[in-house]
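Trainee: This is the structure I have questions about; it appears just below.
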Amino acid sequence: MAETVDAAPPAPPSPDFFAAQDAARARARRLFVLFALCVLAVVVAMDAYVVLFSAMMFAHDANVHGAPNVLIGDVLPQLPREVLLASTAGTAALILVASIQRRRELARGSETLAQSIGARAVAEKPENPAERQLRNVVEEMALASGGLPLAVYVLDGESAINGFAGASAREPFLVVTRGALDRLQRDEMQALVAYGIGQLRNGDAKLNLQLVGWLAGITAIGDVGKRMIKSPSYVLRGGGDGEVGDLRKGILGLSLFVTFLGMFVAAIGYIGVLLARFVRALASRQRVYLADATAVQYTRDPVAVRDLLRRIESEVQGGTLVGPYKEEFGPMLFVPGVKRLCLRTHPKLRQRIARLEKP
Amino acid sequence: MAQLTWIGILIVAGIALVGWAIGGYNAFVRLRNRFQNAFSQIDVQLKRRFDLIPNLVEATKAYLTHERETLTAVISARAAAVGASERLAANPGGSAELKTLAAEDATLTGALRRLLAVVESYPNLKADQTVASLTEELTATENKVSFARQAYNDAVLTYNTKVQQFPDNILASIFRFDAAPSFATESAEERKAVRVSFG
């Protein structure tokens, strides 16, 4: 419960938010360059795949039609340029469209975004005492950060303690899990909220949402590959009674071929996603320490932030989430929503606690 | 030719100086607006708290017949704080009035803390729904007052640092931007108030 801290309170947060926003924009530019390189890698890989495959087809064709021992190397220069162009344009277009579409979805306002992940809004004056306390805590932290109150949402389906903040169409919002609402003490909830507000103030919330959009573009390639792999099931599904006529057998054969092609596409897509996640992980880890420190500065209570981290550490599930957003919104969460050994979005809990223990 | 170069240098230097002055002035205004806004927030929260206290006193009076002094302390501290707040409203920016308000605020916070601790120690009082929700509201309001104060002090600190540091202090004295008073209280008890969680 209460602990009197006799040492001087920590220095106030760097209140020059303009500098913070400028720095955030510079970081965003650097990250964008890295992401663009990932996209380039994927496009080049796809081009190589398409070109090689086309060359193989041509060579095979030539061999079959009486010009034996034609090597791929002979065929390559004869390939029409259009193949390369089509492959590059197609891949780039797919990535761009998927990315833009996701960004549009994310910019429709906090209510829409929250609903899309299944979070429920918390009323201004809730009946439920736990929610009222949450509301009060959010207003307190909004005061401490010198800003306006946020919209608050609860993820009822999540029993782990976690949360994140973001802004959509200039509407800042905060999401906490049901687990957090039910189990956290007042000061721990304050720490969680302060962390989210800190992310908003430091420009990280905005950047993280941008990353979600960019990553969606690169993920699209892998998704297309996966669909290609699954194409036989689409063919088989449309028909229903088990009888496979000759035409459908033909289409089935074609779809198996598509599956084969799709494996490579999915592999390229997956590697692209790994690269992009690597870039994302690099970006987010340091910012977590900063957000922790900002939370301490707003609450003036390092003990609360530490207690919150310790409590999550002590639970077996940690902050692990169930919903599909746990991967996409990974860096935005207070603690990782997915247990993983590499490409971590956050520093280990132990390290974060240790940093807060320093005087 | 050399004369033209000198004139050129002077003009560039002049423009740079004016640019610095404009930037500095805007920064002072921006930072001053920020702490003035923060101050009005404190006012809002103080009023909320003043309004909430009579309800809490009413709800707990029946149970706390043996704790008359605690309740009386709260009521009188509130009256004093309201008075100090009104005096400050009549003379905005007055540092003496601000100091008085800060002191009365500290007294009131102390009295409220004692009342909340008493409520905590009477189980049937704690269990009462009305009291429970009022206690949460009061804790929240105490915290809000404290955080509003904190935000104000932070904003004042930034402003004062800008106004007092060289070379901006030259600009500040030209444009007549003075250091602002902080809503500080030396009482350690005050600082404790925020950390106690009754949840």
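The values are calculated or read from the model by the stated rules, or taken from the named source; none is laboratory data. On a predicted model such as this, the values are computed, not experimentally measured, just so you know. Note that we place each Cβ from the backbone using ideal geometry, even for glycine, and neighbour counts take in every protein chain shown. Side chains are part of the model used for accessible areas, which takes the heavy atoms of the whole protein and leaves out ligands, DNA and RNA. Shrake-Rupley method; radii C 1.70, N 1.55, O 1.52, S 1.80 Å.
Trainee: Given the protein chains as shown and a 1.4 Å probe, how many square angstrom of A:Met332 are accessible, to the nearest 10?
Mentor: Accessible surface of A:Met332 is approximately 0 Å².
Trainee: Let me ask something else. Who wins for biggest fluctuation among A:Arg248, A:Arg25, A:Arg170 in a Gaussian network model of chain A, springs between alpha carbons below 10 Å?
Mentor: Looking only at A:Arg248, A:Arg25, A:Arg170, the largest GNM fluctuation is found for A:Arg248.
Trainee: Taking springs between alpha-carbon atoms closer than 10 angstrom, which of B:Val163, B:Val44, B:Val29 fluctuates most in the Gaussian network model of chain B?
Mentor: Among B:Val163, B:Val44, B:Val29, the largest mean-square fluctuation in the Gaussian network model of chain B belongs to B:Val29.
Trainee: Please check the stretch B:126-155 for residues whose accessible area, probe 1.4 Å, is lower by 50 Å² or more when all protein chains are in place than in their chain alone.
Mentor: B:Glu136, B:Lys144, B:Phe147, B:Gln150, B:Asp154
Trainee: Could you give the length gained on full extension between A:Ala41 and A:Arg340, defined as 0.36 nm per residue of separation minus the Cα-Cα distance, in nm?
Mentor: 105.2 nm
Trainee: For the protein assembly as shown, what does the helix formula give at 222 nm: sum of -39500 (n - 2.57) over DSSP H segments with n ≥ 4, over the residue count, nearest 500 deg cm²/dmol?
Mentor: -25000 deg cm²/dmol
Trainee: In peptide A:130-140, how many Cβ atoms from other protein chains are near each Cβ within 10 Å, on average?
Mentor: 4
Trainee: Give me the percent relative contact order of chain A, please, defined on Cα pairs under 8 angstrom at least 6 residues apart.
Mentor: 20 percent
Trainee: Over the protein assembly as shown, give the accessible area per residue in Å² for a 1.4 Å probe, as an integer.
Mentor: 51 Å²
Trainee: Continuing with the same structure: What does the charge add up to near B:Ala172, with Lys and Arg as +1, Asp and Glu as -1, over the other residues with Cβ less than 15 Å from its Cβ?
Mentor: +2
Trainee: Heavy atoms of the protein only, probe of 1.4 Å, neighbouring chains included. What is the accessible area of B:Trp20 in Å², nearest 10?
Mentor: Taking all protein chains as shown, B:Trp20 has close to 90 Å².
Trainee: With an 8 Å Cα cut-off and a minimum separation of 6 or more residues, compute the relative contact order for chain B in percent. Please report the intermediate quantities before stating the final value.
Mentor: Numbers: 151 pairs, mean separation 63.8, N = 199.
Once divided by the residue count of chain B, the mean separation gives 32 percent.
Trainee: What's the buried accessible area, both sides, between A and B using a 1.4 Å probe, rounded to 100 Å²?
Mentor: Summing both chains' loss of accessible area gives about 2400 Å².
Trainee: Let me ask you something else. Which of A:Lys125/B:Lys144; B:Lys47/B:Lys126; B:Lys99/B:Lys144 have a Cα-Cα distance over 21 Å?
Mentor: Checking Cα-Cα distances, B:Lys47/B:Lys126 exceed 21 Å.
Trainee: In whole Å, how far is the Cα centre of the stretch B:81-108 from that of the stretch B:17-66?
Mentor: 12 Å
Trainee: Sticking with the crude label model, points 7 Å out along Cα→Cβ, report the distance from B:Ile11 to B:Ala117 in nm, one decimal please.
Mentor: Reported label-point gap for B:Ile11 and B:Ala117 is 7.3 nm.
Trainee: Another one. Can you figure out the FRET efficiency of A:Tyr270 with A:Asn128, using R₀ = 35 Å and their beta-carbon distance, to the nearest 0.05?
Mentor: 0.20
Trainee: Okay, moving on. How much FRET efficiency would the formula 1/(1 + (r/R0)^6) give for A:Val316 and B:Arg48, where r is the Cβ-Cβ distance and R0 is 35 Å, rounded to 0.05?
Mentor: In this case the efficiency is close to 0.25.
Trainee: Within chain A, which complete DSSP H helices have Cα atoms spanning at least 20 Å along the helix axis and a mean Kyte-Doolittle hydropathy of -1.0 or higher?
Mentor: Details: long enough: A:17-64 (69 Å, 1.25); A:81-106 (38 Å, 0.52); A:129-144 (22 Å, -0.30); A:186-201 (22 Å, -0.21); A:204-229 (37 Å, 0.57); A:246-299 (71 Å, 0.93).
Helices meeting the criterion: A:17-64, A:81-106, A:129-144, A:186-201, A:204-229, A:246-299.
Trainee: For chain B, what is the Kirkwood hydrodynamic radius in Å, using each pair of distinct C-alpha atoms? Mind dumping the intermediate values first?
Mentor: Values: mean 1/r = 0.0512 Å⁻¹.
Computed over chain B, the radius equals 19.5 Å.
Trainee: Take each complete run of DSSP H in chain B, measure how far its Cα atoms stretch along the helix's own axis, and keep only those covering 20 Å or more with mean Kyte-Doolittle hydropathy at least 0.0; list them. Walk me through the intermediate numbers first.
Mentor: Numbers: long enough: B:2-61 (88 Å, 0.42); B:68-90 (33 Å, 0.48); B:95-121 (39 Å, 0.41); B:129-164 (51 Å, -0.44).
What comes out of the filter, once short or polar helices are dropped, is B:2-61, B:68-90, B:95-121.
Trainee: Fully extended, how many nm does the chain gain between B:Asn26 and B:Lys99 (0.36 nm per residue separation, minus their Cα-Cα distance)?
Mentor: Taking 0.36 nm per residue and subtracting the Cα distance, the gain is 23.4 nm.
Trainee: Now, a different point. Could you work out which residue, out of A:Leu254, A:Leu174, A:Leu308, moves most in a Gaussian network model of chain A, that is, has the largest mean-square fluctuation with Cα springs under 10 Å?
Mentor: Checking each option, the largest mean-square fluctuation is seen for A:Leu254.
Trainee: Add +1 for every Lys or Arg and -1 for every Asp or Glu among the other residues with Cβ under 14 Å from the Cβ of B:Ala96, and state the total.
Mentor: 0
Trainee: Turning to a different aspect of this structure: Just flag the GluC sites (Glu not before Pro) in the stretch A:264-359 sitting in loop per DSSP whose Cβ has no more than 16 other Cβ atoms within 10 Å. Before the final figure, lay out each step's value.
Mentor: Details: sites: A:Glu313, A:Glu315, A:Glu327, A:Glu328, A:Glu357; in loops: A:Glu315.
The qualifying sites are A:Glu315.
Trainee: Leaving ligands, DNA and RNA out of it, work out the accessible area of B:Leu64 with a 1.4 Å probe and give it in Å² to the nearest 10.
Mentor: That residue has around 0 Å² of solvent-accessible surface.
Trainee: OK, next. With label points built 7 Å along Cα→Cβ from the Cα atoms of A:Glu171 and B:Leu4, find their separation and express it in nm.
Mentor: Between A:Glu171 and B:Leu4, the label points sit 6.2 nm apart.
Trainee: Compute the semi-axes of the equivalent ellipsoid of the protein assembly as shown, taking the square root of 5 times each eigenvalue of the Cα gyration tensor, and list them largest first in whole Å.
Mentor: 58, 34, 17
Trainee: Another one. Between B:Gln165 and A:Arg285, what is the label-to-label distance in nm when each label sits 7 Å out along the Cα-to-Cβ direction?
Mentor: Inter-label distance under the simple model: 3.2 nm.
Trainee: Please give the length that would be gained between B:Asn91 and B:Glu69 if that part of the chain were fully extended, namely 0.36 nm times their separation in residues minus their C-alpha to C-alpha distance (nm, one decimal).
Mentor: Answer, rounded to one decimal: 4.6 nm.
Trainee: In addition: How do B:Thr130, B:Thr139 rank by accessible surface area computed with a 1.4 Å probe, from largest to smallest?
Mentor: Accessible-area ranking of B:Thr130, B:Thr139, largest first: B:Thr130, B:Thr139.
Trainee: Could you give the size of the charge dipole of the protein assembly as shown about its Cα centre, using +1 on the Cβ of each K and R and -1 on the Cβ of each D and E, expressed in debye and rounded to the nearest 20?
Mentor: Values: 63 positive and 54 negative charges, 195 e Å.
Here the size comes out at about 940 debye.
Trainee: Ordering B:Asp105, A:Asp187 by how much accessible area each has at a 1.4 Å probe, largest first, what is the list?
Mentor: The most accessible residue leads, giving A:Asp187, B:Asp105.
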